[in-house]
1. Starting from the Kirkwood Rh over alpha-carbon pairs, what translational D in µm² s⁻¹ does the stretch 106-253 have by Stokes-Einstein at 10 °C and 1.306 mPa s?
2. What shape does the stretch 1-155 have by the C-alpha gyration tensor, where a ≥ b ≥ c are the square roots of the eigenvalues, rounded means a/c under 1.5, and otherwise prolate means a/b greater than b/c and oblate the rest?
3. Ordering TYR146, TYR54 from largest to smallest accessible area (1.4 angstrom probe), what's the sequence?
4. Read phi for every residue in the stretch 188-200 and hand back ³J(HN,Hα) as whole Hz from Karplus 6.51 cos²θ - 1.76 cosθ + 1.60, θ = phi - 60°, with x for Gly and Pro.
5. Net charge near GLN15: determine it from the other residues with C-beta under 13 Å of the C-beta of GLN15, scoring Lys and Arg +1 and Asp and Glu -1.
6. Check the straight Cα-Cα distances from LYS160 and name the lysines below 18 Å, setting aside those fewer than 8 residues away within the same chain.
7. Looking at the chain only, what percent of DSSP beta bridges run antiparallel? Nearest 5 please.
8. Let me check I've understood the local charge: for ILE38, count other residues with C-beta under 13 angstrom from its C-beta, Lys and Arg +1, Asp and Glu -1. What total comes out?
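The values are calculated or read from the model by the stated rules, or taken from the named source; none is laboratory data. Treat the numbers as computed from the prediction; the structure is a model and nothing was measured. Cβ placement follows ideal geometry from the backbone for every residue including glycine, while neighbour counts extend to all protein chains displayed. Accessible surface is based on the protein model in full, side chains and every heavy atom, while ligands, DNA and RNA are left aside. Shrake-Rupley method; radii C 1.70, N 1.55, O 1.52, S 1.80 Å.
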Amino acid sequence: MKLLLVSDLHYTLKQLDWLQATAGHFDLVVVAGDHLDISSTVALEAQIVVILKYLQRAQSRAPLLVSSGNHDLNATNAAGEKVAAWMSRVRRLGVATDGDAFEVGDTLFSVCPWWDGPSTRAEVDAQLERDAARRTAGGKKWVWIYHSPPDGSPTSWGGKQYYGDTDLVEWIGKHRPDMVLTGHIHQSPFRKGGSWVDRIAETWVFNAGRQIGPVPCHIVVDGDERRARWFSLAGNEQVQLDAPLTRPLQELT
């Protein structure tokens, strides 16, 4: 399986054009949150309508997994916590999204929502417990789509401090997934001490970052070659997934 990971497109239409055009080259496409841009002059509902069109077109070319991020929250739940209610409209497109589990071959994918408080955090906790049982029963590899990278990881380094998710660190330690696909911290791959890849025990963590221009930063995970490659304006790098993570990372030429 060859997987494409992008995140934090933030209503950048040229990057969405690229995603739509490129999706068909992959067996699975993951968009790990922050589809909308809360700083845009375009109303959120108008952004949602456009994003849904792009996702629908991309889904016609390859299966999509789409999680929410902190920019995607457009409603509140009964507990008064912000939620990305429009993800239900994404699901109606046939796209696996927040709260869903999706199987491809021997791999189980868990698509986690952005959580805003104890109620939505409890939902993620219950989702991971449920999917952990499913993974054990099926003997499958397990991959999470989770917008924020873990705290204390190079994938959440902002240049002066870490901006990651401490709860995710706890969940990784408890459940030990094979891989976590994230985003959120745009600058991590470009800052000294930061990176697009990390390994916590046996769990690989990826965050492609964000850049200007028509092509987003992106990561290609190739299951056959057991390799992950990162592509950006700052350069391209790769890691072997069947070997220990060593730095500096190997450059692609």
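1. Details: Rh = 15.8 Å.
In µm²/s, the coefficient is 101.
2. Values: a/c = 1.72, a/b = 1.11, b/c = 1.55.
Taking the square roots of the gyration eigenvalues as a ≥ b ≥ c, the stretch 1-155 is oblate.
3. Working: TYR146 10, TYR54 30 Å².
If we order TYR146, TYR54 from most to least accessible, we get TYR54, TYR146.
4. Coupling constants for the stretch 188-200: 3, x, 9, 9, 4, x, x, 6, 8, 9, 8, 9, 10 Hz.
5. Numbers: positive: LYS14, ARG210; negative: ASP8, ASP17, ASP34, ASP37.
Result for the local shell: -2.
6. Here the lysines satisfying the reach criterion relative to LYS160 are LYS192.
7. Working: 28 of 50 bridges.
If I count the DSSP bridges inside the chain, around 55 percent turn out antiparallel.
8. Details: positive: LYS82; negative: ASP8, ASP34, ASP37, GLU45, ASP72.
Every neighbour counted, the sum reads -4.
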